[in-house]
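Note sheet for the following structure.
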Amino acid sequence: MRQEDLPESQTMSRLIPLFFLASLLAWLLPPSPRPVWVRGHAPPGATVRVKNTHHVSIADAHGRFTLPQGERFTASLAGHFITGASGHASIRLTLKALPKHDDADYQWAAPAECASCHQTIYNEWSGGAHSGSATSAGFRRYYRRVIDEKPDGAGVCTSCHAPGLRDDDLAFFDLRRAEGPLSGVHCDYCHKVHDLNAGDIGLTHGRFLLKLLRPSKGQLFFGPRDDADRGDDAYSPLHRDSRYCAACHEGNVFGIPVYTTYSEWLDSPAGRAGMGCQECHNKAGHTFSTGTPGLELEVGFTHTTSGTFAEVRLTPSKVGHRLPTGFVERRLVMTLEAGDYREETTFARRVTQPFWHGEAGADTRLRPGEPFVKRVRLPSGVPSLRVLITRYRYQTQPDDGQVILDRKWSR
């Protein structure tokens, strides 16, 4: 007899044990925990967070907020230091206002002082380009030419390469005198930036574009976290904004667009999607990684009656600007080698040497997401093709090339 042919009474009698078992399990198992909510008070509009979590609430017009239970709660608001408190029932968060004026006589904290609590960050910074922005060998070699041929432009270099130097420092107008970690782009300078003149991006640079807020007493650090509640920190959304980078990575010098990384980003798929510079270069740490991790190289071979052809495809697939980017004299050179055959292709912005002697010319650099394709015929009997990509920082220093990719394909 099929199940559907059973009388209704017999069907129900078979289900009764199942109902009993389900009821027994519900009685034995502990009830699901209900979320415990904390109510509190903070200045209206403040961002209140359960520290180190994604649980966030905005205090309403009466300063009220509700959040899940946590070990510690923090509050941030523009123009105020971040504050924090612990509690399990009702939390009251009071914020202290930031200084109203920048103190130009403030003495910079040395990076070594920061290292006492932030050793990993210090190691990342000290191994990067920012720490040696005014003292690296490559910069010094190029700067000597600038100071000799264009002495009135020395202050332009200082504004980005050594923004913390005082106007009365002898090194301000001659970076060859700059010494020590405070001569570069250092921790304390970057974390004293609280605003910028957005309308002047590209027209002025570095320290002349950025707005600092240095305290007369105590300490103050701006940063991208809104729950750093040690008492001397303030939340700064600008530190996750690409305009922050534009202060030194976009600009005209002597009428030439010398740095165009920010405008390249605005015109890139990443820029249009709202993916900022920091999401690639400062995602987790202070290495400010550079190089070409998103440069993809593919080679395919075609055999015909007239010979063997190689198709070389070079694509910047994971970058938010052109390659190369940065200083106008940077270039990438792709070299193809097969037996006696050798050919070079240069990706660069063409300018006269040095750049201040003329207008910028053709731009052959790689665009984000757009492949460069080159088809070559291989010499008879040559079994492979070698592809090298070399990066040059300064066209006036042809010996400083760095091979960043070297591969060989067999046909």
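The values are calculated or read from the model by the stated rules, or taken from the named source; none is laboratory data. Small disclaimer: the values here were computed from a predicted structure and weren't measured. So basically every Cβ, Gly included, is an ideal-geometry build from the backbone, and we count neighbours across all protein chains shown.
Annotations
- Restricting attention to segment 57-91, the residues being assigned to a loop (DSSP other than H, G, I, E, B), closer than 12 Å to G45 by Cβ and hydrophobic (A, V, I, L, M, F, W, C) number 4.
- Qualifying residue in segment 254-262 (condition: farther than 20 Å from H130 by Cα and in a strand (DSSP E or B)): yes
- Pairs meeting the criteria (first residue in segment 382-405 and within 30 Å of H303 (Cβ to Cβ) and surrounded by fewer than 20 Cβ atoms within 10 Å (Cβ to Cβ), second residue at pLDDT 90 or above and among the acidic types (D, E), beta carbons under 8 Å, at least 6 apart or on different chains) are R386/E337; R386/D406; L388/E337; L388/D406.
- Of all residues making up segment 107-164, the number that are within 12 Å of R176 (Cα to Cα), in a loop (DSSP other than H, G, I, E, B) and among the aliphatic types (A, V, I, L, M): 2
- For segment 225-251, the set of residues classified as hydrophobic (A, V, I, L, M, F, W, C) and not in a helix (DSSP H, G or I) consists of A228, A234, listed by residue number.
- Selection count where residues are touching a Gly at 6+ places or on another chain (Cβ under 8 Å), of a type outside the set (S, T, Y) and under 19 Å from F327 (Cβ atoms), scope segment 146-177: 5
- Checking H249 against (1) more than 24 Å from I121 (Cβ to Cβ); (2) in contact (Cβ under 8 Å) with a residue 40 or more places away in the chain, the condition it does not meet: (1)
- For segment 225-246, taking the residues that are free of Cβ contacts under 8 Å to residues at least 40 places away in the same chain and in contact with a helix residue (DSSP H, G or I) (Cβ under 7 Å, 6 or more places away or on another chain), the one that is surrounded by the most Cβ atoms within 10 Å (Cβ to Cβ) is identified as S242.
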